[in-house]
Amino acid sequence: MATRNKDIQQKTEELITVEESKAPAQQPLAIPTDNPVAYPLELPQGEARLRTPAVGQRARRPDGRLHGLGQTQYIDDITFPHMLHAKILRSKYPHARIVSIDTSEAEKMPGVMATLTGAEIPENSFGPTYQDQPVLAYPIARHCGDGVAAVAATSEQLATEALEKIKVEYEPLPAVFDPLEALEKDSPKVHGGDTNIYTSKVIKKGDVEKALKESEHVFHRQFRTQMVEHVPLEPHASIASWDGNGRVTLWTSLGRITLGREDLSRTLKMPQSKIRLIGTVVGGNFGGKNEITTEPVLALLSKKSRRPVKLVFTRGDEFISSTIRHPFVMDYTTGVNNDGKILARKIRLVLDGGSYCSWTGTTIGKGSILAPGPYDIENILVEAFAVYTNKTTTGAMRGFGAPQVCFAYESQMDDIAHKLGLDPLEIRLRNGFSENSLSPTSQTLQSVALKESLAQAAERFGWKERQS
Amino acid sequence: MKKRGRGMACMWYPIGFTVAANPSAATVKVNTDGTATLLTGTVETGQGALTVLGQIAAETLGLATDDVHVVSGDTDVTPMDTGAIASRTTYVTGNAIVRAAEKAREILFESTAPLLNVKPDQLEARDRQIQVLGFPSKSISIADAVQHSESIVGNPAIGSATYNPPTVEMDPETGQGKPFNTYVYATQIADVEVDDETGEVEILKIVAVHDCGTPINPMLVEGQIQGGISMGVGFALQEEILFEEGRQINPNLTNYIMPTSLDMPELDVGLVDNYDPTGPFGAKGAGEPTAVPTAAAIMNAIHDAVGVRITTLPATAERVLGAIMEKQQLEQAAG
Amino acid sequence: MLVELKVNGEPRSANVSPETTLLKMLREYLNLTGAKLGCDVGDCGTCTVIVDGVSVNSCLMLAARANGREVTTIEGLANSDELHPLQEKFEEHGALQCGFCGPGMLISAMNLLDKNPDPTVFEVRDALSGNLCRCTGYTKIIEAVIDAGRVMNTEQANS
């Protein structure tokens, strides 16, 4: 034992002596004299947090302290040793068959550690209602934001350059962009089949045609809303990493980690117990971060490269490949009496349902139920359709169709008031829900505070004092 | 010439998913010093959910907000949650937390009742004490209660529970049913000035009165209303993704116009006094309803100011001016 | 290339490639992740820092151009005992929600109050117009800035 140790010691000394000649020149290290990241530790956070009862207190947010100090760790603020950066190549055409993808040139680049295409995804489909959305499009790309291939490289710059080396051969297909066009029989079909309508809803109460005929006035108008995006200040971001037990962890800006874990289990064909999702503080969601986007891609790139892989959307990615609000085309026909009482309302809603279903099921459901407005109406017909178009995926966005239909029903309310010479406040109080009113689906409504909100808002504003 | 106008819009909005189950689960643990930990599977998206949920747990346990530490967002540690979506967090996750905290509290009542010579159902948790209903001076601190329960009786104060809003399926032909367990209501009124030579709309003020049931944290509800209105203003007047042959032509913040601090008017925000017995301490929700009526109120104000009905959003200066000119031409033709 | 500068009063340096922005240098080389990347083209303001007394979009400034200059980031506002009055007031008013715009917003606000200690509401709106916020509608942020200005004036008067 002693002899062997002496042997190793001697060999080490020889090695050091030889290597000394290669030693770098000594440079004195600058010793920091100030604390670059000073912050107080024990400052109280306001009295409201210390009071009982807790409900109703204007309590400060502990995360507010961290935000103000710049200490909040969003995903992009997190780094891991050996971490790679990923980028996604998006479809050149709004509708195309992918004939071939050649990633070989990208793979040859030094610093490029892994590539991925749709064909390699174990289960290339997901979606909260219909699983019609691919993780990476293959063999059909359905909008210009559809991801087609991905790379992971040692820097963001390299990853971006590598994308340019990926050769994709496309066969462009006829595309449809206008939702009313997409309704037509001979329009290009985004998901094949003989119709672009992928979900519809009907709400029917009473006899709307009879009531319209009996109305003293009938108002008709078409309203349209536009495509808007959530614009969270924090772009989507995720990091994936595996351990030696084959367990993958994802740090993600995803707002729904339970669902996210299920989706990863499905797309990667792995048990949920081997998947961990960590959601830190999200820098704004508004509905756009409620489903997986790149997480399975990052998990697979990380698996291939055996290194953590991070992807942060550029602002451009946010717009073209994360979800947006459904544009609505809304036809409202309303029958009223001379005193402004609404007798019947007939509504047709056409939702521009984008390239994939995403949260359209919820949007069309809520939109249809809310469409007649918060008013006592006995005769209602709502018919709603969502159609596929070759544009950005429409998904969940703050309100799920409510801002769109409210724009329509409240605009028409004022049109009616104006025509009949009624005060806009008066006509709403006349028709508005009260406690135990019946909703369009015949639900008895409780804890109703509509008229209270109208009266209080009018008073706060000084409505009665202002003449039109 | 600048013309002044006012417009109102009211709305209703549901809490939770449409018919479909959207449960939340929660776990509450009380520590031997009377502080507590809440585990929730939701993720903080900026709205202040973790603070509000902590307040709900604190209230149920008789603690102050600061006594409760909230842990969230880790599928290895926190229980399932359908997520911060559909304005459901305060109501659904909140109700799950009340039930979980009640279970933990019940363990403390069971353990301390013999010490106070009363039955467990004679006890309440308030002001950091377990005390007898109607005779609060007979009490034991929550800290002591937990210590006794855990170290003497052998029952740690922990509770887990779930909640899902009860709904009734909608008939496939008529849609009749009970898709949500509760709804919120609101009215917003906009005061605008429209330049009838350029079509530019300036919002001078917006008044908003919202129902959220009991406001668990009024400061945070105000923040949601103010933020929702800013999204509504953008939706009404500025924001639009423009396409050309399926390609977005303005996928950037230079050309996608959204409200800056200069675009936002003075906001006057109020809450209706309301209590929903089905919600945690009477609360309902606030996240999305705030962005719903704003555009309608602004469009009605524009109509009041210059007599034109904008039927396509956004009401850019171009669109408003176009509508004004069309109206003038019609009037000239008729007159 | 070696870039040497002062950050929050302390000499710092890093070896960066020529196209590295000041934002990247702060976040990736100096581990100061307070300034954020929201758009990388100067539209959103989440990257705002102060360079030689001027508030700039650090994503538009090459690190090389900051050589020899003094930079203040969000990490430099508080000290070991106290928050900056702006940080205190933002917290008290609940001015930040998701917080992502926070560092940039606070820096712009500080830059305003250092030059104009008693701004009008319009002046505050104007000074913050380069910092986008999607969560708050700006209302509580503006209230907090005005309130902080009052506190800073009182402190000045008392000192």
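The values are calculated or read from the model by the stated rules, or taken from the named source; none is laboratory data. If you're wondering where the values come from, they're calculated on a predicted model, not measured in any experiment. Note that we place each Cβ from the backbone using ideal geometry, even for glycine, and neighbour counts take in every protein chain shown. Surface areas here come from the heavy atoms of the whole protein model, side chains and all, with no ligands, DNA or RNA. Shrake-Rupley method; radii C 1.70, N 1.55, O 1.52, S 1.80 Å.
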So, over other residues within a Cβ distance under 10 Å of A:Phe385, counting Lys, Arg +1 and Asp, Glu -1, the net charge is +1
For B:Lys138, the residues 5 or more places away or on another chain with a placed amide H closer than 5 Å to its own amide H are B:Val132
At 37 °C in a medium of viscosity 0.692 mPa s, segment C:1-143 has a Stokes-Einstein diffusion coefficient, with Rh taken as the Kirkwood radius over alpha carbon pairs, in µm² per second, of 214 µm²/s
Dividing the mean separation of Cα pairs under 8 Å (6+ apart) by the residue count of segment A:135-256 yields a relative contact order in percent of 9 percent
Given 37 °C, 0.692 mPa s and a Kirkwood radius over Cα pairs, the Stokes-Einstein diffusion coefficient of chain A in µm²/s is 124 µm²/s
To the nearest 10 degrees, the tilt of helix A:257-268 (Cα long axis) against the first principal axis of the alpha carbons of chain A is 70 degrees
Scoring chain B by relative contact order with C-alpha pairs under 8 Å, at least six apart, yields a percentage of 25 percent
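I'd like to compare A:108-115, A:222-229, B:100-107, C:33-40: which one has the highest average count of other Cβ atoms within 10 Å, and what's the full order after that?
On the way: A:108-115: 17.6, A:222-229: 20.2, B:100-107: 22.2, C:33-40: 25.0.
Taking the mean over residues of other Cβ atoms within 10 Å, the ranking is C:33-40, B:100-107, A:222-229, A:108-115.
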Expected integer from the mean partner chain Cβ neighbour count at 10 Å over B:298-306 is 3
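Counting only C-alpha contacts under 8 Å and six or more residues apart, can you give the relative contact order of segment B:34-127 as a whole percent? Kindly include the intermediate steps, with their values, before the conclusion.
Details: 120 pairs, mean separation 31.2, N = 94.
For segment B:34-127, the relative contact order is 33 percent.
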The answer for B:Leu204, listing residues at least 5 apart or on another chain whose modeled amide H is closer than 5 Å to its amide H, is B:Asp191, B:Val192, B:Glu193
Note, segment A:389-394: 3J(HN,Hα) by Karplus (6.51, -1.76, 1.60, θ = phi - 60°), whole Hz, Gly/Pro = x, goes 9, 8, 10, 3, 4, 9
Ignoring ligands, DNA and RNA, the residues of segment C:127-159 whose accessible area with a 1.4 Å probe is reduced by 40 Å² or more relative to the chain alone are C:Ser129, C:Leu132, C:Arg134, C:Cys135, C:Gly137, C:Tyr138, C:Thr139, C:Lys140
For B:Tyr163 the rounded accessible area (nearest 10 Å², probe 1.4 Å, non-protein molecules ignored) is 20 Å²
The rounded separation in angstrom of the Cα centers of segment C:1-76 and segment B:20-67 is 38 Å
Rounded to the nearest 10, the angle in degrees between the Cα long axis of helix B:294-306 and the longest principal axis of the Cα atoms of chain B comes to 30 degrees
The alpha-carbon center of segment B:259-335 and that of segment A:302-358 are separated, in whole Å, by 19 Å
For A:Lys451, the lysines lying under 20 Å Cα to Cα, once residues fewer than eight places off in the same chain are dropped, come out as A:Lys341, A:Lys464, B:Lys284
Across B:68-78, the residue-averaged tally of Cβ atoms belonging to other chains within 10 Å stands at 5
Here the equivalent ellipsoid of the protein assembly as shown, derived from its Cα gyration tensor, has semi-axes (largest first, whole Å) of 45, 36, 31
With Cα coordinates, the longest principal axis of chain B makes an angle with the long axis of helix B:218-237, in degrees rounded to 10, of 20 degrees
Surrounding charge for C:Asp52, neighbours by C-beta under 12 angstrom, Lys/Arg +1, Asp/Glu -1, total +2
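Rounded to the nearest 5, what is the percent of antiparallel bridges among the DSSP beta bridges in chain A? Before the final figure, lay out each step's value.
Working: 57 of 74 bridges.
Percentage antiparallel, nearest 5: 75.
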